[in-house]
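This report refers to the structure that appears directly beneath it.
The values are calculated or read from the model by the stated rules, or taken from the named source; none is laboratory data. Everything numeric here is computed off the predicted structure, so don't read it as measured data. Cβ placement follows ideal geometry from the backbone for every residue including glycine, while neighbour counts extend to all protein chains displayed.
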Ligand code: SME
């Protein structure tokens, strides 16, 4: 069972007292703590030259990912979500943090276009299996609610 409560994520993302940045960072902190302190939750924004690190909660991460590189770049090129239960089995993987054992990525779509990749890392093997469907919904929500990534 997932610890993530989508209604909490939605209320954090739409809080009237906060600006967009504060709301996204609050929501990402909530998601990271719900998944476990050592997880990582963030967005890579799509630009013309590749994917740039944007809002995140977690430890130091790679700043730039080329199209097709790693699961983030692969998801951006294919337009498909990817769940990797064990990142050590994957050749096309960028290890930003040696603690990460499993990972989920989902494209964030706005106006029919991929604007960013929502990326979540767990320090547990197959650590996100119960959370994938909630995280997919959050990815969709980010596309609906945000204008800048
Ligand atoms: N592991 C990702 C890179 C981003 S970090 O996980 C934050 C990848 O293979 O694309």
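Any idea which of 117, 109 is within 13 Å of the ligand (Cβ to nearest atom) and either part of a strand (DSSP E or B) or farther than 21 Å from residue 25 by Cβ (or both)? Can you show your working first?
Numbers: 109 fails: within 13 Å of the ligand (Cβ to nearest atom).
Selected residue: 117, the only one of 117, 109 that is within 13 Å of the ligand (Cβ to nearest atom) and either part of a strand (DSSP E or B) or farther than 21 Å from residue 25 by Cβ (or both).
Of 58, 18, which residue is surrounded by 13 or more Cβ atoms within 10 Å (Cβ to Cβ) and in contact with a strand residue (DSSP E or B) (Cβ under 6 Å, 6 or more places away or on another chain)? Before the answer, list the steps.
Working: 18 fails: in contact with a strand residue (DSSP E or B) (Cβ under 6 Å, 6 or more places away or on another chain).
Unique residue meeting the criteria: 58.
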Worksheet item: How many residues does segment 75-92 contain that are modelled with pLDDT of 95 or more and within 20 Å of residue 129 (Cα to Cα)?
Response: 11
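Every residue, every condition in (1) within 15 Å of residue 38 (Cβ to Cβ); (2) buried (at least 23 other Cβ atoms within 10 Å of the Cβ), yes or no:
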| residue | (1), (2) |
| --- | --- |
| 86 | no, no |
| 97 | yes, no |
| 109 | no, no |
| 118 | no, yes |
| 122 | yes, yes |
| 140 | no, no |
Fill in: Enumerated helices (runs of 4 or more DSSP H) restricted to segment 5-102, each holding at least 2 residues that are in contact (Cβ under 8 Å) with a residue 40 or more places away in the chain, on the phi < 0 side of the Ramachandran plot and within 11 Å of the ligand (Cβ to nearest atom)
70-78
